Amino acid sequence: MNNNTEMPFDAVILAGGDYPTAPQPLEVLHSAPYVVCCDGAADRYIATGRVPDAIVGDGDSISTYNRAKYAHLMHIFAEQETNDQTKAMRYLMEKGMRRIAITGATGRREDHTIGNISLLIEYMRKGADVCSFTDHGRFIPCTGTTTLQCRKGQQVSIFSITAKNMGAEGLLYPIYDFTNWWQGTLNECTGDEFTINAEGEYILFINY
């Protein structure tokens, strides 16, 4: 699988973690052709003078004022089996959108952060071409062989989910079949491209 994270996105999800402040996620958010806010994240997005195309969630954390004013944008999914980020992803995929960026999915609560990152694999399995932009880099779910552009010295971390027979080209340190997440962290690009070879799924984090 060759993940092209520089492609234009169909939509961007603003999740309920820390509001992005770095140039990269803000550019992704502000240039999006379609913005979906997860419930309470809409309050912060609207406070910047912008209005989302949709507000998705269980409706429990958006302000009473905005819930009433933007009722026509609300899409309420009351079930608690999934979080608001997943509800927003499902909403977009049901509209036929597949190339989706996520921002605001980290920070505030570490358990939510880990959950939101791990869900990227689930979205990939359902057919989404998705990545999550933080203030420091981007998380990309991958399966099989992945080749990405980079710059020399750029840091890359690899988190194995189901991956076996792992190997890499264009990274400073060799990779292997990791048994713990820390083992794949803080690798480094040696040129302008790197390739991960694997059987199975993994998540990449590439810093800016």
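What follows draws every value from the coordinates through simple rules; no lab data is involved. Please read all numbers here as calculations on a predicted model, not as lab measurements. Here the Cβ is made from the backbone with ideal geometry for all residues, glycine too, and neighbour counts use every protein chain on show.
Things to note:
- Conditions (1) under 19 Å from the mean Cα position of the chain (by Cα); (2) surrounded by 15 or more Cβ atoms within 10 Å (Cβ to Cβ); number of the one not met by THR190: (1)
- Extreme residue, farthest from PHE159 (Cα to Cα), among residues of segment 109-118 that are surrounded by 14 or more Cβ atoms within 10 Å (Cβ to Cβ) and of a type outside the set (Ser, Thr, Tyr): HIS112
- The set of residues in segment 65-114 being out of contact with any strand residue (DSSP E or B) (no Cβ under 7 Å at 6 or more places or on another chain) and under 18 Å from PRO20 (Cα atoms) consists of THR106, GLY107, ARG108, ARG109, GLU110, HIS112, THR113, ILE114.
- The listed residue being surrounded by fewer than 17 Cβ atoms within 10 Å (Cβ to Cβ), within 21 Å of PRO8 (Cα to Cα) and either among the acidic types (Asp, Glu) or free of Cβ contacts under 8 Å to residues at least 12 places away in the same chain (or both), out of GLU79, GLU94: GLU94
- Extreme residue, farthest from LEU119 (Cα to Cα), among residues of segment 164-187 that are touching an Asp or Glu at 6+ places or on another chain (Cβ under 6 Å) and buried (at least 16 other Cβ atoms within 10 Å of the Cβ): GLY170
- The residues of segment 39-53 that are in a helix (DSSP H, G or I) and in contact (Cβ under 8 Å) with a residue 24 or more places away in the chain, listed by number, are ALA41, ALA42, ARG44, TYR45, ILE46.
- For segment 165-208, a residue qualifies if it is among the charged types (D, E, K, R), farther than 16 Å from ARG151 by Cα and not in a loop (DSSP other than H, G, I, E, B), and the qualifying residues are GLU199, GLU201.
- Residues in segment 60-76 that are surrounded by fewer than 19 Cβ atoms within 10 Å (Cβ to Cβ) and polar (S, T, N, Q): SER61, SER63, THR64.
- With respect to the stated conditions, ILE100 fails to be more than 22 Å from PRO8 (Cα to Cα), crowded, with 16+ Cβ neighbours inside 10 Å and aliphatic (A, V, I, L, M).
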